[in-house]
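Okay, structure first, notes after.
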Amino acid sequence: MKKIRLTALLLGCTILFSACDSKEQKAENEKNLRQAEKNAIAYIEEKYGFTPEVIESAIERSSGLFGGTPLTTAMIRMSYNNKDFSVYIDGETENADGADNYQQDEIISALTEKLSEKAESAKGIVGEIKSINIDGGKTHNFFNEAEWNTGNLYSEYFDGENFAEVFANNACNITADYVDADLISLDRSFYNFLLDNERVNLYMISYRSEKDYEERPDYNVFTDFTEIKKHAIQIEESLVFVNDETEHNEYILGQYDDFYYYVSDSTPDTVSFAPADMPDASEFDGNGIIDGEFVTPAYNIVSGTGERIYIYYPHSELPEKSRLATCKKTDDGDKIHISPLADDIGSYRMVYFDADSETQFAFITEKENINNE
């Protein structure tokens, strides 16, 4: 007998979907869904040789969660030997052309072993893989990922070695986490077993400490090199293979007074800091602040090449609501600015700006924001 486990939210959404459809469309949805369930069973039997149990199923819709035209494809949650997994398959006709994530744990385990093996063959490598994250396959945002386990759906059977084949036609980002590792000795050719598939991107990240690893950001920030650099306070080194490009970075931090800083693609000695006098805090009224007060000393930074500077100021030294105030010296008068760019990273507030001329900066309280942000 089929086991049905719908949460109250899922049931509510199902009712909402149905209410939008005509009687004829509801009947069509039901027919497609039942056929998709049969197809999913046939697909798993053909691929793995066992017969799974259907837990629950839902038709895909064209515009996401709340409404949209019903499609003929469906997500089927299944179970076998107390292991739950998902199958994505079409229900318009009888077929066995699906994608599933039954082997997800097996793939991650094998990939961890393979990457570790490659690292051990390189001289100078230190540390071991803490975790692997795979973001790829036929992921469908029309379904709640936590509820439906919709990530990393693959059609190809994984035999323990055929990684590039399994990831075949799907964009795939793989992130390997290390702590205190030396990645510079790792050559791109070591990873041809993955990178022969041009749609696979590999991000290798070495964190400064176990604590930094535990507080690591969401993996999607690593799909952009700039986003990686924002986390220099946590990340010591990165090695990225994307679209035939290789980028290796060591994130060397400088320290001045109470804060750390990172100079994008450079070393700390390319900039210099000194105490400074900012314009009166009242000068910043109308720039996102009303009646603000400076809560840190003011600093003067001089950069000769216009690098991007990332500043990491300890939370313990800042009130909860504070923003970065900058003042740039220009020929036609000082240009003052309140930066909206700030992220809390570990124990620090991170801000960044391009120091294209002599720049002064300090943190200012945000007693009242003009835009009520």
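Since every read-out is calculated from the coordinates, none of them should be taken as a lab result. Since this is a predicted model, take the numbers as computed values, not measurements. We place every Cβ from the backbone using ideal geometry, glycine too, and count neighbours over all the protein chains shown.
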### Under Karplus coefficients 6.51, -1.76 and 1.60, residue-wise ³J(HN,Hα) of region 308-325 in Hz, glycine/proline x
7, 10, 9, 10, 10, 10, x, 4, 4, 9, 10, x, 4, 9, 8, 9, 8, 10
### Query
Once amide H atoms are built 1.01 Å from N in the peptide plane, which residues 5 or more positions from residue 98, or in another chain, come under 5 Å H to H?
none
### Message
Below 8 Å between Cα atoms, with a sequence gap of 6+, how large is the relative contact order for the chain in percent?
### Response
10
### Message
Here are a few candidate values for Cα Rg over 2.2 N^0.38 Å: (1) 1.26; (2) 1.54; (3) 1.41. Which one was actually calculated from the structure I just gave you?
### Response
(1)
### Query
Near the amide H of residue 181, under 5 Å away, which other amide H atoms are found, from residues 5 or more places off or on another chain, if H is placed in the peptide plane?
207
### Query
How much mean residue ellipticity at 222 nm does the chain get from its helices, if each DSSP H run of length 4 or more adds -39500 (n - 2.57) and you divide by all residues, to the nearest 500 deg cm²/dmol?
-6000 deg cm²/dmol
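Explain nothing, just the number: dipole magnitude of the chain about its Cα centre with +1 on each Lys and Arg Cβ and -1 on each Asp and Glu Cβ, in debye rounded to the nearest 20.
Here the chain has a charge dipole of around 1280 debye.
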### Task
Determine the distance separating the Cα centre of region 280-315 from the Cα centre of region 183-244; give it in Å without decimals.
31
### Summary
Rounded to 0.05, the calculated FRET efficiency for the beta carbons of residue 328 and residue 283 at R₀ = 22 Å is 0.95
